Amino acid sequence: MSNIKNNSYHLKKKFDSSLKLKFDESMNNIGEKRNKNPIPSLRSCCDVGVTLTVERFGYYQENKDSKIAKPVKKFIWANKSGMVVEAINYGATIVAIIVPDKKGEFEDVVLGCDCVEDYMSPTNPYMGATIGRACNRIARANMVIDGENFDLSRNAPPHMLHGGFKGFDKILWKACRDDKKITMSYSSKDGEEGFPGHLNVNIVFYLTDGNEFVMEYRAFTTKPTYVNITNHTYFNLAGHQSGAEELYNHKICINGESITHTDKQNIPTGRIIPVGGTTFDLRIPTVLKERMGRIPETINGFDHNFCVTMSDYQKNSFVAKVFHPGSGRMLEIYSNQPGVQLYTANFFPEKTGDEILNRDCGIIGKDDCRYFKHGAFALETQNYPDAINHPDFPPSVLYPGDIYVHTLRYIFSVSEDVSTIPVKSTPLIYGL
């Protein structure tokens, strides 16, 4: 099945085709002149209280036989409120977001690693990384575009997951500084992981004085191709090391009236299921613990795409709000994408009663801690999973001359009064 070219959602206005291949030439190193920034931002960054510094985060070797080790850079934003965000150009990855609680105490609320070697570990579950060309799963690692069949990498046999064996999360991105913004760029070659077309991708990162961290994605192609990029940051608003005990206390609200139904392998069936009266109705803020144990599948947690309720008049829609009553920290997410994947770290290792065994089996995290099952949540803004194989899903093919645009905003705040997002009871149906 092939997708029909359609300029809705993230397929934007026509772009002069003569520019498509010029972005490789215009990617600049850190510190080069402002007027050489290849992608003008969707928003002017005029927050005078924001600072941006650059540090070295280690070295990257493309493979064990490579004699060249390239430096990995860490970019550190701080604003007048004390909020700090850190990102590295390996995987275009968010490594830390430090925000205050209702007592004014600061905590890092995203899972991550202390060194680039741990990010490169095969046990790293995409923490903080940019995922592409196509996030989520592609059924049977196969797709058809305009009648032409493409076999893709089967890194989750028999399917493709998160872009293949070497997706965007395993790439050292080029980085260009423009005042208080960083543009990371990558040129994905024609045929990479089986995808057609040479794809140029640019991500603009910046922080505002309003405790808002913004990511603006753009991509251009030389051939019709499937593009569905996301960020895979794991959050725990009680603190990255707080684990499942605190995750269960989070209250979550998702602006989605339906989900995409999946089979036992988490592959979309093509059905769109209304959430009303089911365990997936998160339109009213709900304590995670009350719902996670009621998921009908065997995964015992959320790993589902919610269809975001969008307006034709909104460029960025409200996607989700998450609140941690103990700390008072609140996260709001806005995006222009039609879907969001809620994932509650169901496939992280199980925690045991043996502390020594826990050290061995847990995922290595920051400050020498270990991460375990249900220790965090991710909200991945995206097109619907496997959209390329479902003509009734939102259009997913990027054509030469078109621009893929994906905006993502994380907004942090503090609430002293937990009643500001009340929890109300709704009838539940245990199954779909």
Exercise for the section: Starting from the stretch 52-99, pick out the trypsin sites (Lys or Arg not before Pro) whose DSSP state is loop and whose Cβ has at most 16 other Cβ atoms within 10 Å. Expected result: Lys64, Lys67, Lys80
Fill in the blank from the handout: For Lys315 and Ile272, extending 7 Å from Cα along the Cα-Cβ vector and measuring point to point gives, in nm, a value of 2.5 nm
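So if each residue of separation counts as 0.36 nm, and I subtract the Cα-Cα distance between Asp151 and Ile76, what length gain in nm does that give?
Values: separation 75, 0.36 × 75 = 27.00 nm, distance 3.96 nm.
Additional length available on full extension: 23.0 nm.
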Exercise for the section: Please report, in Å, the Rg and the Dmax of the stretch 17-420, where both are computed over Cα atoms only. Expected result: 20.2, 61
Exercise for the section: Working from the alpha-carbon coordinates of the stretch 62-164, get Rg over Rh, Rh being the Kirkwood radius. Expected result: 1.11
Problem - Cβ-Cβ FRET estimate between Cys115 and Asn300, R0 fixed at 41 Å, reported to 0.05 - result: 0.85
Exercise for the section: State, to one decimal in nm, how far the label point of Glu245 lies from the label point of Lys289, with both points 7 Å from Cα in the Cβ direction. Expected result: 1.1 nm
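Holding the Cα-Cα limit at 19 Å, pick out from Lys166/Lys189; Lys251/Lys315; Lys74/Lys181; Lys289/Lys321; Lys73/Lys180; Lys73/Lys366 the pairs that are longer than that.
Lys251/Lys315
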Problem - Stretchable slack from Gln265 to Thr53, in nm (0.36 nm times residue separation minus alpha-carbon distance) - result: 72.0 nm
Handout entry: Centroid-to-centroid separation of the stretch 277-345 and the stretch 372-406 [C-alpha atoms, Å]
Key = 16 Å
Exercise for the section: Return the distance in nm (one decimal) between the two label points of a simple spin-label model at Asp179 and Glu257, each offset 7 Å from Cα along Cα→Cβ. Expected result: 4.0 nm
Practice task
For Asp392 and Leu357, calculate 0.36 nm times their separation in residues minus their Cα-Cα distance, and state this gained length in nm to one decimal.
Solution key: 7.9 nm
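Quick note: the coordinates plus some simple rules give every number you see, no bench work behind them. These numbers were taken from a predicted model, which means no experiment stands behind them. When we count neighbours, we look across all protein chains shown, and the Cβ atoms used for this are built from the backbone with ideal geometry, even at glycine.
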